[in-house]
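> There's a structure below that I have some questions on.
The values are calculated or read from the model by the stated rules, or taken from the named source; none is laboratory data. These numbers come from a predicted model, not from an experiment. Every residue, glycine as well, gets a Cβ built from its backbone with ideal geometry; the counts of neighbours run over all protein chains shown. In case anyone asks, the SASA skips ligands and DNA or RNA and just uses the protein heavy atoms, side chains included. Shrake-Rupley method; radii C 1.70, N 1.55, O 1.52, S 1.80 Å.
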Amino acid sequence: MTAGEKEMSDKRLYAIRGATFCENTKDSITNCVGEMCRLIFTENRLSADDIVSIQFTMTEDLDILNPATALRLNPNLGLDVSAVPLFCSQEVKTKGMLKKIVRVLVTCYMPCDSTTHPAYINGAQILRPDLGESRK
């Protein structure tokens, strides 16, 4: 077994969720998506090599900027995501859904005994109050 194979056998695939409320402006989407992803990356101790892909959904009222583009435009992430596959789609519309929300699912490898730390911020905590402590 090579060193790389040994290292990978000590890891398993995880999916880490998050969501943020944004205004429909380029600055708001860029800043909120960056903050949410930066929290996920730092609190889960991820490197770019750990990340398999990042998927975003956004509500239909956010149409000024794709969150995947916002992430790539963000200079202060703490890691380079230029080689990470990113995907974005529109959130399924349902009655009573929150508006102005970007959701994320980061698929990554982490040590087998890891606990994931989601990032529900900027008012999006209401979506999953069961997933950790409240943030601003």
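> Give me the residue from the stretch 72-89 that is of a type in the set (A, V, I, L, M) and surrounded by 13 or more Cβ atoms within 10 Å (Cβ to Cβ) and, out of that set, modelled with the lowest pLDDT.
The extreme case among them is Leu77.
> Here is a further query. Restricting to the stretch 123-136, give me the number of residues that are open to solvent by less than 40 Å² (accessible area, probe 1.4 Å) and polar (S, T, N, Q).
Looking only at that region, the number is 1.
> Still on this model: Only one residue in Thr42, Thr69, Thr57 is outside any loop (DSSP other than H, G, I, E, B) and open to solvent by 80 Å² or more (accessible area, probe 1.4 Å), so which one is that? Give the derivation first.
Numbers: Thr69 fails: open to solvent by 80 Å² or more (accessible area, probe 1.4 Å); Thr57 fails: open to solvent by 80 Å² or more (accessible area, probe 1.4 Å).
None of the others qualify; the one that does is Thr42.
> Would you tally the residues in the stretch 45-54 being assigned to a loop (DSSP other than H, G, I, E, B) and surrounded by 17 or more Cβ atoms within 10 Å (Cβ to Cβ)?
Selection size over the stretch 45-54: 1.
> Let me ask something else. Using beta carbons and a limit of 7 Å, which pairs, at least six apart or on different chains, have the first residue in the stretch 25-47 and β-branched (Val, Ile, Thr) and the second one open to solvent by 70 Å² or more (accessible area, probe 1.4 Å)?
Within 7 Å, the pairs are Thr25/Ile64; Ile29/Ile64; Thr30/Leu73; Thr42/Gly78.
> Next question, about the same structure. Could we say that Glu35 is at pLDDT 95 or above and loosely packed, with under 14 Cβ neighbours inside 10 Å here? Outline the logic, then answer.
Numbers: at pLDDT 95 or above: yes; loosely packed, with under 14 Cβ neighbours inside 10 Å: no.
Here the answer is no, as Glu35 does not meet what is asked.
> Here is a further query. Take the stretch 94-136 and flag every residue that is part of a loop (DSSP other than H, G, I, E, B) and under 17 Å from Asn24 (Cα atoms).
Met97, Leu98, Lys99, Lys100, Asn122, Gly123, listed by residue number.
> For the stretch 96-111, give me the residue count where each residue is more than 26 Å from Ile64 (Cα to Cα) and either modelled with pLDDT under 95 or open to solvent by less than 70 Å² (accessible area, probe 1.4 Å) (or both). I'd like the intermediate steps shown before the answer.
Filtering the stretch 96-111 for residues more than 26 Å from Ile64 (Cα to Cα) gives 108-111.
Now narrow it down to the ones that are either modelled with pLDDT under 95 or open to solvent by less than 70 Å² (accessible area, probe 1.4 Å) (or both): 108, 110-111.
Counting residues in the stretch 96-111 that are more than 26 Å from Ile64 (Cα to Cα) and either modelled with pLDDT under 95 or open to solvent by less than 70 Å² (accessible area, probe 1.4 Å) (or both) gives 3.
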